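First the structure, in the form of structure tokens, and then the observations on it.
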Amino acid sequence: MLSFIQSGGFFMWPLLACSILTLAIILERFWTLRKNSVAPKGLLTDVMMRLRDDKMTLEYIRSMQSKTGLASIFAAGLVASKHGRSAMKESVQEAASHVIHELERFMNTLGTIAAISPLLGLLGTVVGMIKVFSVLMENGAGNTALLAGGISEALLTTAAGLGVAIPALIFHRFFARRIDELVVTMEQQSTKLVDALHGDREKSGVAQ
């Protein structure tokens, strides 16, 4: 492995760093973007049952505030619910913006790696070909060992750049799709909670 990197020239080292960073981000995002962690399936049902049975306690709300994802959004909405529907919606939207920001963490980094890795590989290719032509100018076509070294460096950096960029791009698209799905789920669940607490009240007020 080390000889492979060394034979690829200087640009193999930043590509190696990009590959390590890509792997770390992928593992972290898989762990962070678990649906059961961000938007637990039974959370809304549990909250609705506590509200119905008048068992919604301050301790329970604080426990949700300490969590991430939908739980923290619900907690913000429940705290503001006593101030009316508008205040509750504003609190929910503000909490949701923070949650979405956390869900999108490292996505720009992953996208940047997917974009720059082929460019680093291309730059390594150009440098390798420059070495090849330098050898041709100085020694002619007789020194095949030096020519092969320059060509090898050019091809290795190209392959390494694509090898880093392709997985980074695939997982960037994958995680972006998962984030969109989680956001839609949280929006639907939050809307149901707001409607449950204030929807009927506003309808009765309009009817009067």
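The values are calculated or read from the model by the stated rules, or taken from the named source; none is laboratory data. Bear in mind that the values here come from a model prediction, so they are computed numbers and not experimental data. Cβ placement follows ideal geometry from the backbone for every residue including glycine, while neighbour counts extend to all protein chains displayed. With ligands, DNA and RNA removed, areas are computed over all heavy atoms of the protein, side chains included. Shrake-Rupley method; radii C 1.70, N 1.55, O 1.52, S 1.80 Å.
Think of each Lys and Arg Cβ as +1 and each Asp and Glu Cβ as -1; about the Cα centre, that makes the dipole of segment 63-132 roughly 60 debye. Put a dot 7 Å past the Cα of Asn108, heading toward its Cβ, do the same for Ile166, and the two dots end up 2.9 nm apart. Think of the chain as a dipole: +1 on every Lys or Arg Cβ, -1 on every Asp or Glu Cβ, centred on the Cα centre; then among Ile20, Gln189, Ala95, Gln189 lies furthest on the positive end. Probe radius 1.4 Å, ligands and nucleic acids ignored: give me the carbon and sulfur share of the accessible area of the chain as a rounded percent. C and S atoms contribute 63 percent here.
Model label sites at Glu187 and Asp46, defined 7 Å from Cα along the beta-carbon direction, differ in position by 2.5 nm.
Hey, can you find the accessible area per residue of the chain for me, probe 1.4 Å, expressed in square angstrom?
For the chain, the per-residue accessible area is 60 Å².
For the chain, the relative contact order works out to 29 percent when only alpha carbon pairs closer than 8 Å and six or more residues apart are counted. Based on Cα contacts under 8 Å between residues 6+ apart, segment 1-93 shows a relative contact order of 16 percent. Other residues lying with their Cβ under 14 Å from the Cβ of Leu182 contribute a combined charge of +2, Lys and Arg counting +1, Asp and Glu -1.
About the Cα centre of segment 3-143, what is the dipole size in debye to 20, counting +1 per Lys and Arg Cβ and -1 per Asp and Glu Cβ, all else neutral?
Numbers: 14 positive and 10 negative charges, 106 e Å.
With Lys and Arg at +1 and Asp and Glu at -1, about 500 debye.
Note on Asp46: accessible area is roughly 60 Å² with a 1.4 Å probe, heavy atoms of protein only. The distance from the alpha carbon centre of segment 169-184 to that of segment 67-81 is 23 Å, rounded to a whole number.
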